[in-house]
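Notes for the one structure printed next.
The values are calculated or read from the model by the stated rules, or taken from the named source; none is laboratory data. On a predicted model such as this, the values are computed, not experimentally measured, just so you know. Positions of Cβ are generated from backbone atoms using ideal geometry, with glycine treated the same way; all protein chains shown enter the neighbour counts.
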Number of protein chains: 2
Amino acid sequence: MRKRALPLSKVYRLLEPGPVVLVTTAGSGGPNIMAMSWHTMMEFEPPLVGCVISAKNHSFGALEATGECVLNIPTRELALKVVGCGNTSGRRVDKFAAFGLTPAPASVVGPPLIAECYANLECKVVDTRMVPDHNFFVLQVLKAWIDPTKKEPRTLHHRGRGAFMVAGRTIQLPSKAK
Amino acid sequence: MRKRALPLSKVYRLLEPGPVVLVTTAGSGGPNIMAMSWHTMMEFEPPLVGCVISAKNHSFGALEATGECVLNIPTRELALKVVGCGNTSGRRVDKFAAFGLTPAPASVVGPPLIAECYANLECKVVDTRMVPDHNFFVLQVLKAWIDPTKKEPRTLHHRGRGAFMVAGRTIQLPSKAK
């Protein structure tokens, strides 16, 4: 799969629909992966993304220490790997090895991209003021990559307790929205 | 359609998948509706929801003044009404009348529920510290309503420029996640 750079002004189109993302970090213990559903766009350009990463997660420490992560967006065929990442802790498991995911070098941050994900967003932390109360980080997307062949990605959308809605068809409506 | 109260501990299951919501407010100019995609869960219980409501929106003033709103979750059959709400401003249009949506009294807040939406979350603003920089409000859900007959709601998920992904099938995976 060859990816191309996605203009930063279009990043919101990937995250607005609410897909589960796989967050990669690279702390002193090496690269790690966590599954995350609590995120939102906050600004179009430069793209800002707000997300909740609990202090209970192994990724929290790496994100706090390095200020960098990658948001990788998986599709249907990766579903079992996604829940595998969600069911385990990077404290004990090398998730790349355990779930057969391929780390690929990012262009501007330390943590790796996950090659199997159809889109990857390289991010740095830009606002931590809501971390103490809410574990809420504001990220700026510095570089975005997409597989241009995936026109209607079958993303996964968590509905609780392991129930995932799989993205259905896309319809075009007469909206004036950006 | 008769709705039942949904336990607050289950609210995250409605918002995690990233549906477009219709936000109702009730300012001095009367009730209003806006379409919104930039939201995230922030806590399970009591449920906290973070959302971006631009200061350019008519709803911003009402939300700031009253500290209350309702998040109403529409499904596929309401798609044209949703984009209608998104294409117009409450400064000039009574959106309930213009789009044939039915206001119903909320139980603990001033703004109305939208009867046609399959779920409704009555909310109050609990944190405004990121409003000056990011138009980011933290809401607490006080009361939640759901149509118990909608097991797989065909929610709408904005992909930019009027493209909406319609929720597909739900699959069950062996996830240990809440």
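Here are a few things to note about the model shown:
- Residues of region A:161-175 satisfying the condition of being out of contact with any Gly (no Cβ under 7 Å at 6 or more places or on another chain), surrounded by fewer than 17 Cβ atoms within 10 Å (Cβ to Cβ) and not aliphatic (A, V, I, L, M): A:R161, A:R169, A:T170
- Filtering region A:149-178 to residues that are within 8 Å of chain B (Cβ to nearest Cβ), touching a Ser or Thr at 6+ places or on another chain (Cβ under 8 Å) and of a type in the set (K, R) leaves A:R154, A:R159, A:R161.
- Checking A:T25, A:T40 one by one, the residue that is of a type in the set (S, T, Y) and out of contact with any Phe, Trp or Tyr (no Cβ under 6 Å at 6 or more places or on another chain) is A:T25 and no other.
- Counted residues, region B:39-48 - those being surrounded by 24 or more Cβ atoms within 10 Å (Cβ to Cβ) and either more than 14 Å from A:V52 (Cα to Cα) or among the β-branched types (V, I, T) (or both): 1
- Subset of region B:50-70 [within 21 Å of A:K178 (Cβ to Cβ), touching a residue at least 40 places away in the same chain (Cβ under 8 Å) and not β-branched (V, I, T)]: B:G50, B:C51, B:S54, B:A55, B:F60, B:L63
- Yes/no for B:V93 being surrounded by 14 or more Cβ atoms within 10 Å (Cβ to Cβ) and free of Cβ contacts under 8 Å to residues at least 12 places away in the same chain: yes
- Region A:81-98 - residue that is assigned to a loop (DSSP other than H, G, I, E, B) and not hydrophobic (A, V, I, L, M, F, W, C) and, of those, farthest from the other protein chains (Cβ to nearest Cβ): A:D94
- Any hit, region B:126-148, residues being away from chain A (no Cβ under 14 Å), in contact with a strand residue (DSSP E or B) (Cβ under 8 Å, 6 or more places away or on another chain) and at pLDDT below 95: yes
- Residue in region B:115-124 that is more than 8 Å from chain A (Cβ to nearest Cβ), more than 20 Å from A:W38 (Cα to Cα) and more than 13 Å from the chain's Cα centre (by Cα) present: no
- Unique residue being part of a loop (DSSP other than H, G, I, E, B) and either of a type in the set (G, A, S) or modelled with pLDDT of 95 or more (or both) when the list is A:L71, A:L78, A:L101, A:L63: A:L101
- The condition of being in contact with a Lys or Arg (Cβ under 8 Å, 6 or more places away or on another chain) and not aromatic (F, W, Y) holds for only one of B:C123, B:C117, B:C85, that being B:C85.
- Lone unmet requirement of (1) at pLDDT 95 or above; (2) of a type in the set (K, R); (3) assigned to a loop (DSSP other than H, G, I, E, B) for A:R13: (3)
- Among the residues of region B:49-60, the one identified as at pLDDT 95 or above, of a type in the set (A, V, I, L, M, F, W, C), outside any helix (DSSP H, G or I) and out of contact with any helix residue (DSSP H, G or I) (no Cβ under 7 Å at 6 or more places or on another chain) is B:C51.
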